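Okay, structure first, notes after.
The values are calculated or read from the model by the stated rules, or taken from the named source; none is laboratory data. If you're wondering where the values come from, they're calculated on a predicted model, not measured in any experiment. Counting neighbours? That spans all protein chains shown, and the Cβs are built from the backbone with ideal geometry, glycine included. Surface areas here come from the heavy atoms of the whole protein model, side chains and all, with no ligands, DNA or RNA. Shrake-Rupley method; radii C 1.70, N 1.55, O 1.52, S 1.80 Å.
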Amino acid sequence: MQYKTIVGLFVLLVVAFSVNAQNNRMDCEQTLSMATEEFNAGRFYGIPAMLKPCIDRGFGREQRQRAYLLLAQTYLILDDPISAENSYLEILRANPEFEADTALHPIDLVYLSKKFTADPIFSLFLKLGGNTSPVRVIHTINPWGSEISNDYKLRLGVQVGGGVDWNITRELALTAEFNALTASYRKNQIRADGDEFLYVGNQFWMMTPISIKYSDAKGNIRPYGYGGFALQWLVSERGRVTSIKTDVINEGTPQSNTRESPALTMTDFRNKVNYSFFVGGGVRYKRGLDYVFADVRYSFGLSNIVVPTSTYGQQTPAIEFGHVDDLFRIDNLALSIGYVRPLYKPRKLKKAKTRSVLKLINRGAK
């Protein structure tokens with residue numbers, strides 16, 4: 001009974017708070033309308049005091065933008081540049097992507113706006129997705145002395161990661177990431193006598209890509225492209241060998257003899273530190289002040305990942321089951337989805353970008 005009473009009181013408090021907040025927003029919307037009427041009638045001095053109570057407690061984000069926009073214009077008319085600048089900063093805190101427009105706003109407000117920016121210096125992002133890892137053979141190893149056929153097949157892996165964009169300009173960014181991924185490949189080798197050896201390798205990588213990114217800075221849908229280099233650390237590789245040998249018995253009748261290895265640890269026979277360069281691109285979709293994105297990337301492996309001594313002499317666990325490594329590089333094709341959070345920073349510029357506005361003013365004076 002006591003539990004039900006507590007829950008009921010909590011629900012009543014939530015409802016009361018919601019109703020009160022809604023009433024405040026409605027009252028402040030009326031206050032904002034009245035202040036706008038005062039401005040249009042040329043009665044400027046009472047507007048700041050009229051709006052202050054709702055600014056302190058009642059305005060939502062969109063209402064705050066409209067209120068401070070009205071205040072910035074009021075202070076400009078009242079020749080109070082400090083208060084006008086403070087009001088414009090509050091506009092950008094309410095809506096970091098607000099931009100004054102000569103078609104919608106007075107020229108003096110547009111001129112004031114060129115002294116400020118809220119462009120994010122840094123943007124954070126997270127992503128996840130799937131990948132596949134094509135193998136590029138550098139040198140085929142043939143320990144059998146007879147003709148062989150090697151075929152590498154694609155397999156699927158997953159990746160997760162995140163990073164930060166350092167926004168040099170609105171369009172250009174330097175990006176640093178940390179990613180972890182699983183990668184997998186399959187080697188199918190067939191000898192001249194018909195014996196077949198199948199090796200499946202499963203790898204775990206960590207990598208730190210660095211890239212330069214160019215993005216469209218306008219619209220709700222913003223394509224981008226990038227390129228860079230990555231340092232890669234091969235944490236582990238485990239593999240399994242399946243050998244299928246064909247024996248002739250019973251007066252020439254072939255019979256297959258299949259043998260499968262246990263899981264083999266191949267990490268010690270791989271170069272741990274590797275390098276790659278990559279290119280990629282995608283599209284961001286604006287969602288409020290943040291973005292969701294889809295991204296595709298192709299990484300070109302630059303390093304041979306196989307320790308040469310493991311092929312030419314050192315016994316690996318896989319040799320017992322008939323598998324010998326080729327020397328090869330490994331690429332990666334990745335498709336990811338993710339989320340971007342720009343870290344907006346409303347601030348006054350050290351050097352105002354007012355030249356274009358001055359040209360408009362001079363043109364109008366003529």
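Largest first and in whole Å, the equivalent-ellipsoid semi-axes of the range 129-252 read 45, 14, 13, each the square root of five times a Cα gyration tensor eigenvalue. Couplings for the range 62-67, taken from phi via the Karplus curve 6.51 cos²θ - 1.76 cosθ + 1.60 with θ = phi - 60°, read 5, 5, 4, 4, 5, 5 Hz in order; Gly and Pro are left as x. Of interest is the spacing of the C-alpha centroids, which for the range 27-76 and the range 157-227 amounts to 50 Å.
When Leu349, Leu343, Leu327, Leu335 are compared by accessible area of protein heavy atoms, the largest-first order is Leu335, Leu343, Leu349, Leu327, using a 1.4 Å probe. Note on Glu62 and Ile244: the extension gain reaches 58.6 nm, defined as 0.36 nm multiplied by sequence separation minus the Cα-Cα distance. Only beta bridges with both residues in the range 141-254 are counted; by DSSP, about 100 percent of them are antiparallel. Each residue was assigned an accessible area with a 1.4 Å probe, and for Thr140 the value is about 70 Å². Can you list the residues of the range 73-88 with backbone N under 14 Å from a point 7 Å past the Cα of Tyr45, pointing along Cα to Cβ? Only 78-79 fall inside the zone, counting backbone N under 14 Å. For the range 279-340, taking the reciprocal of the average inverse distance between every pair of different Cα atoms yields a Kirkwood hydrodynamic radius of 15.0 Å. Summing charges over all other residues whose Cβ lies under 14 Å from the Cβ of Leu172, with Lys and Arg as +1 and Asp and Glu as -1, gives -1. Extension gain for Thr309-Ile77 works out to 75.5 nm (0.36 nm per residue, less the C-alpha to C-alpha distance).
Two numbers describe the Cα atoms of the range 146-186: Rg and Dmax, which are 18.7, 60 Å. Between Tyr339 and Asp27, the modelled label-to-label distance comes to 3.5 nm, taking each label 7 Å out from Cα in the direction of the beta carbon. Separation of the alpha carbons by more than 28 angstrom is noted, of Lys115/Lys218; Lys52/Lys218; Lys127/Lys351; Lys52/Lys351; Lys213/Lys348; Lys187/Lys213, for Lys52/Lys218; Lys127/Lys351; Lys52/Lys351; Lys187/Lys213.
Rounded to whole numbers, the Karplus 3J(HN,Hα) couplings from phi for the range 196-203 are 10, 10, 10, 10, 10, x, 10, 10 Hz, using 6.51 cos²θ - 1.76 cosθ + 1.60 with θ = phi - 60°, and x at Gly and Pro. Between Ala294 and Phe122, the simple label model (points 7 Å from Cα in the Cβ direction) yields a spacing of 3.0 nm.
Taking the three principal axes of the alpha carbon atoms in the range 175-240, the coordinate ranges are 62, 24, 19 Å, sorted in descending order.
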